[in-house]
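I have placed the structure first, in the form of structure tokens, so that the comments after it can refer back to it.
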Amino acid sequence: MNSIFDEIKSNNTIERYIEPFTGTANVLLHSDETDTEFINDNSSDLINLLRVIKHYPFDLKFELLKLDVSKATFNALKQKLILPFSLKSSRKAKIDRAVAFYFCRYTSVYGKGESYKKNMKQTSFFRKLDTISVISKRLENVTIKKNDALYFSKSLFNSEHQLIYIDAPYIKSEEHYKMNNKKNTAFSSHTALRNKVEKLRKNNICLISYRITASASMRKNGITDKSITKILDRLYCQRNYFYILKPLKATNGQVEILLSTHPFNGATPYTMPLS
């Protein structure tokens, strides 16, 4: 991804880098700095963790080093995460919440925070904590927002020279992201996202990432790779977009599509359906 960002930055005037769906900020953390950077997510726990890493890295690491890496600790902290939480809480409450969220995400199967990962070693957990100070340094000049991504995107309309990376919710897996409370609105939600991109593309460059391989659980529900690509075709085909397909590491052959409002080296014009 960094090579694509570098090419876009070298061929265009880019003044701001923005992520409306930042998640764990993995893309930002592995990218070179831009003069002005904004990241956003609608998860209070994710945003709180990133802010605590940014502002209180030593406190976070100190508290995490006190923990016994075990299933019992995981279950106790998981229960704490069920309790209501506000980003306006006290400093101690923010750090305590970040400790629980970090521990449960890192020591769980697939990082989902749902079930404890067997054979988790204390030494490897403590070694991982050394990255907290590195991440804190990278976030030093980053503005961290908490908003619904589509609402957050409205604030970008009157700006230009922005590189906007959109790690979109997986098609047919939107319930994990709580995009809305209505039934059968997955397609309209992705349409709303595409429409935001259409308004932004005149003065900005947008990159949109989707996973196009159906997971095992999706296949059980009759969802296939073809049904996912059909939706992408309806959304983006023959609308002057470009794309590349990328195999995802450690995902047993799953594939990601990276769509772009502007051409870049190796990208294919999206003029023919993927399905």
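The values are calculated or read from the model by the stated rules, or taken from the named source; none is laboratory data. In this text the structure is predicted, and so the values were computed from the model without any measurement. Cβ sites come from the backbone with ideal geometry, for glycine too, and all protein chains shown count toward neighbours. What goes into the accessible areas is simple: the full protein's heavy atoms, side chains included, and nothing from ligands, DNA or RNA. Shrake-Rupley method; radii C 1.70, N 1.55, O 1.52, S 1.80 Å.
A few points about this structure:
- Solvent exposure ordering (accessible area, 1.4 Å, most first) of 207, 49: 49, 207
- Remark: the range 4-16, residue by residue, has Karplus-estimated 3J(HN,Hα) of 5, 4, 4, 5, 5, 5, 6, 9, 9, 7, 10, 9, 9 Hz, where x stands for each Gly or Pro and the curve is 6.51 cos²θ - 1.76 cosθ + 1.60 at θ = phi - 60°.
- Long-range amide H partners of residue 256 with built H, under 5 Å: 212, 246, 248
- Applying the Kirkwood pairwise sum to the alpha-carbon positions of the range 187-263 produces a hydrodynamic radius of 13.5 angstrom.
- Backbone amide hydrogens, once placed in the peptide plane, bring residue 108 within less than 5 Å of 113, 117, excluding anything fewer than 5 places away on its chain.
- Cut-off under 5 Å, modelled amide H: who pairs with residue 262 long-range: 206, 242
- Calculated FRET efficiency for the pair residue 268/residue 227, C-beta based, R₀ 22 Å, to 0.05: 0.55
- Counting only protein heavy atoms and using a 1.4 Å probe, the accessible area of residue 80 comes to about 120 Å².
- Short to long, the 5 Å bins of the Cα pair-distance histogram for the chain hold 1, 5, 11, 15, 17, 17, 14, 11, 7, 3, 0, 0 percent of all pairs.
- Ellipsoid equivalent to the range 203-242 - semi-axes via the Cα gyration tensor, in Å: 25, 12, 6
- One decimal place: the segment residue 160-residue 2 gains 54.8 nm when fully extended, by the rule 0.36 nm per residue minus the C-alpha distance.
- Debye log10 I(q)/I(0) at q = 0.18, 0.21 Å⁻¹ for the range 1-159, Cα point scatterers: -1.15, -1.42
- In terms of the mean number of neighbouring beta-carbon atoms within 10 Å, the peptides 13-21, 137-145, 231-239, 120-128 order highest first as 13-21, 231-239, 137-145, 120-128.
- Interatomic Cα distance distribution for the range 8-91, bins of 5 angstrom, percent: 3, 11, 16, 20, 19, 13, 8, 5, 3, 2, 0
- Among beta bridges identified by DSSP and lying wholly in the chain, the antiparallel ones come to about 45 percent.
- Highest mean packing comes first when the peptides 216-224, 101-109 are listed by Cβ atoms within 10 Å, giving 101-109, 216-224.
- Calculated P(r) tail over 17 Å for the range 236-275, as whole % of Cα pairs: 33
- Couplings for the range 225-242, taken from phi via the Karplus curve 6.51 cos²θ - 1.76 cosθ + 1.60 with θ = phi - 60°, read 4, 5, 5, 6, 5, 4, 5, 4, 4, 5, 7, 10, 5, 6, 10, 6, 10, 10 Hz in order; Gly and Pro are left as x.
- Electrostatic dipole magnitude of the chain [Cβ: Lys, Arg +1; Asp, Glu -1; Cα centre; debye, to 20]: 1060
- Estimated [θ] at 222 nm from DSSP helical runs (n ≥ 4, -39500 (n - 2.57)) normalised by residues in the chain, nearest 500: -12000 deg cm²/dmol
- Note on the range 54-148: along the principal axes its Cα atoms extend 37, 29, 24 Å, ordered by decreasing extent.
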